[in-house]
Amino acid sequence: MEAEIRALKARKNAVVMAHNYQPLEIQALADVVGDSLELAVKAKETGADLIVVCGVQFMAETAKILNPERKVVIPVLDAGCPLADFLTPDMIREARERHPDAAVVIYANSTAESKALADIVCTSANAVKVVASLPNETILFGPDSNLAAYVQRELPYKTIIPLPPGGHCYVHTGFTLADVEAARRKGGMIVCHPECHPEIQEQSDMIASTGGMVRGAAGEGEPWAVFTEREMASRLRVLYPGRVFYEKPDAICGDMKKISLADLRRALEREEHEVILSRDVMDRARLTIERMLAVGA
Ligand code: SF4
């Protein structure tokens, strides 16, 4: 299977991009593995004819938005993101009417339509930097309310309004104070993703995006309890074999686990399922992503 996938990649001049939460056997066959910002940047740089995104829908959409002339496919069509589904275009339009002076900052974990209605996109790696770069005092921030709370804490001189108020990722909000206590008993550091509840963020030793975790774990160090999707700890163990990383066994994103090697092979062979977006949505969303890329990580 692996040999067939490698041969198909070469024959089709295809590039496979995998998110850090993908199963390790998928990551092993990917040309790029990273967080959504890294995938977005690499998607823009690739010279491939076919881009296969092993992740969830919004990541495939972002790759398509940045590569409108290339064919972008996602191996499993219903690999979605429940967090992205919290935010609808109507919510953004209504919030804009209520807060005409506010800037709209939309997290990458959102639909292409939501990005198209934003002023600027951000990821968990650069959310603080993106919001700090804006002149507006009031920021409508969606769809993750915990990331919004993190940005608010980092930038107290701004007024961050979460959009919608309770938007969250069920995987990250599954971390509790009991998990903090269990990790403290084991010793080492707690490193949490900013999509975790604010009280978990406050109890953690470091808050980082998955890309930030990869960079932060380089070199020697004490054990880490990794408070994000459990595959992240597997990835860190592959990258840094001498170090100890603990995962929470049931911190699993079901959508991220939908793509199998057989699905990847089929996607390369049949070039399916192609991401189709309207030209108008792509053009407007690209502008908001490029504004983010100009701000940087
Ligand atoms: S881990 Fe959470 S935010 Fe990430 S894709 Fe899964 S549901 Fe969406």
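Could you tally the net charge around residue 244, taking each other residue with its Cβ under 10 Å from the Cβ of residue 244, Lys/Arg +1 and Asp/Glu -1?
Here the count lands on +2.
Would you list the P(r) distribution for the chain, with all Cα-Cα distances sorted into 5 Å bins from 0 and each bin expressed as a whole %?
Spelled out per bin, shortest first, that is 1, 6, 12, 16, 18, 17, 14, 9, 5, 2, 0, 0.
Please report, to one decimal in angstroms, the Kirkwood hydrodynamic radius of segment 84-168 built from all distinct Cα-Cα pairs.
12.2 Å is the Kirkwood radius here.
Could you give the distance between the Cα centres of segment 165-194 and segment 98-119, to the whole Å?
27 Å
Based on the Cα atoms of segment 1-90, what semi-axes does the equivalent ellipsoid have, where each is the square root of 5 times one gyration tensor eigenvalue, given in whole Å with the largest first?
They are 22, 15, 11 Å, listed largest first.
For segment 58-145, run through the GluC sites (Glu not before Pro) and keep only the ones in DSSP coil with at most 15 other Cβ atoms within 10 Å of their Cβ.
Within segment 58-145, the qualifying GluC sites (Glu not before Pro) (loop, at most 15 other Cβ atoms within 10 Å) are 69, 137.
Once you charge only the Cβ atoms, +1 for Lys and Arg and -1 for Asp and Glu, what is the size of the charge dipole of segment 128-253 about its Cα centre, to the nearest 20 debye?
Roughly 280 debye for segment 128-253.
Can you tell me which lysines have their Cα less than 24 Å from the Cα of residue 42? Leave out same-chain residues fewer than eight positions away.
Candidates past the 8-residue exclusion: 9, 12, 64, 71, 115, 129, 257, 258.
Starting from one equal scatterer on each C-alpha and no solvent at all, send me the Debye-based log10 I(q)/I(0) for segment 172-252 at q = 0.19 Å⁻¹, two decimals.
Values, matching the q order: -0.71.
About the Cα centre of the chain, how large is the charge dipole given +1 on each Lys and Arg Cβ and -1 on each Asp and Glu Cβ? Please answer in debye to the nearest 20.
580 debye
DSSP loop (so not H, G, I, E, B), at most 11 other Cβ within 10 Å: list which GluC sites (Glu not before Pro) in segment 212-297 pass both filters.
Listed in order of number, the matching sites are 220.
Since every read-out is calculated from the coordinates, none of them should be taken as a lab result. Fair warning: this is a prediction, and the values are worked out from it, not measured in the lab. Methodologically, a virtual Cβ is constructed for each residue, glycine included, from the backbone with ideal geometry; neighbour enumeration extends over all protein chains shown.
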